[in-house]
Amino acid sequence: MVKPAKTTICLWYDGDAEEAAQFYAQTFPDSSVDAVHRAPGDYPSGQQGDVLTVQFTVLGIPCLGLNGGPTFKHSEAFSFQVATADQAETDRYWNAIVDNGGQESACGWCKDKWGLSWQITPTVLTDAIANPDPALAKRAFDAMMQMRKIDIAAIETACRG
């Protein structure tokens, strides 16, 4: 039996927590499916033997996928922010999420096919927006506001003015 972490993020799914956990484990480093637990009896949105919970790790963060049914949906109020080192890494994560039934949003945000939001954020962008030069930070911010997936070359061009 896998012992849960002291603090675990619990994510609600409509019967497909195991599929989501497998996708995250295949997509992100330091990610894994740690345990699958089946319901010992019937419950409101399932029956005995169905996958009830899945313990998994995403980028080193312990999570629990709960197959709770259709009652609750994910929203942008919760997201995973993934810091990327370069355009290739940014593209790899973004494309994996969007091309697997997800959808693009603005400013480096996208949703996976389960409705969970992700911010695929190059460190070049976060460094630029936090730059002590307010004009440089604003140029980077303004460039980001025009993007869906972050284009590092465009951010660097904006920083140069």
Flagged as over-length at 19 Å C-alpha distance, from 6/111; 113/149; 73/111, the pairs are 6/111
Per the Debye formula with a single identical scatterer at each Cα and no solvent contribution, what log10 I(q)/I(0) holds for the stretch 79-160 at q = 0.23, 0.26, 0.27 Å⁻¹?
-1.00, -1.19, -1.25
Taking the number of other C-beta atoms within 10 Å as the exposure measure, put 110, 10 in order starting with the fewest.
10, 110
Kirkwood radius from Cα pairs of the stretch 9-67 plugged into Stokes-Einstein at 25 °C, 0.890 mPa s, gives D in µm²/s equal to 217 µm²/s
MRE, 222 nm, helices only [DSSP H, n ≥ 4, -39500 (n - 2.57), over the chain, to nearest 500]:
-9500 deg cm²/dmol
Net +/- balance of residues flanking residue 102 in space, Cβ distance below 13 Å, scoring K and R +1, D and E -1:
+1
Calculate one ³J(HN,Hα) per residue across the stretch 121-132 by plugging θ = phi - 60° into the Karplus curve 6.51 cos²θ - 1.76 cosθ + 1.60, and present them in order as whole Hz with x for glycine and proline.
10, x, 4, 4, 5, 5, 5, 5, 5, 8, 4, x
The local net charge around residue 115, scoring Lys/Arg +1 and Asp/Glu -1 for residues other than residue 115 whose Cβ lies under 15 Å from its Cβ, equals -3
Filtered GluC sites (Glu not before Pro), the stretch 25-119: DSSP coil and at most 14 other beta carbons within 10 Å:
76
Residue 3: which aspartates and glutamates have alpha carbons under 12 Å from its alpha carbon, excluding same-chain residues fewer than 8 sequence positions away?
34
Between beta-carbons, use under 13 Å as the cut-off and find the net charge around residue 58, counting Lys and Arg +1, Asp and Glu -1.
-3
Cα convex hull volume per residue for the chain, in Å³, equals 117 Å³
Within 10 Å, at most 11 other Cβ atoms, and a DSSP state outside H, G, I, E, B define an exposed site. Report the longest part of the chain free of exposed trypsin sites (Lys or Arg not before Pro).
74-161
Just how far, in whole angstrom, is the stretch 1-67 from the stretch 133-156 if you go by their alpha carbon centroids?
36 Å
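Bear in mind these aren't lab numbers, they're just calculated from the coordinates by the rules spelled out. Predicted model only: the values in this text are computed from it and were never measured. No Cβ is skipped: glycine too gets one built from the backbone with ideal geometry, and neighbour counts run over all protein chains shown.
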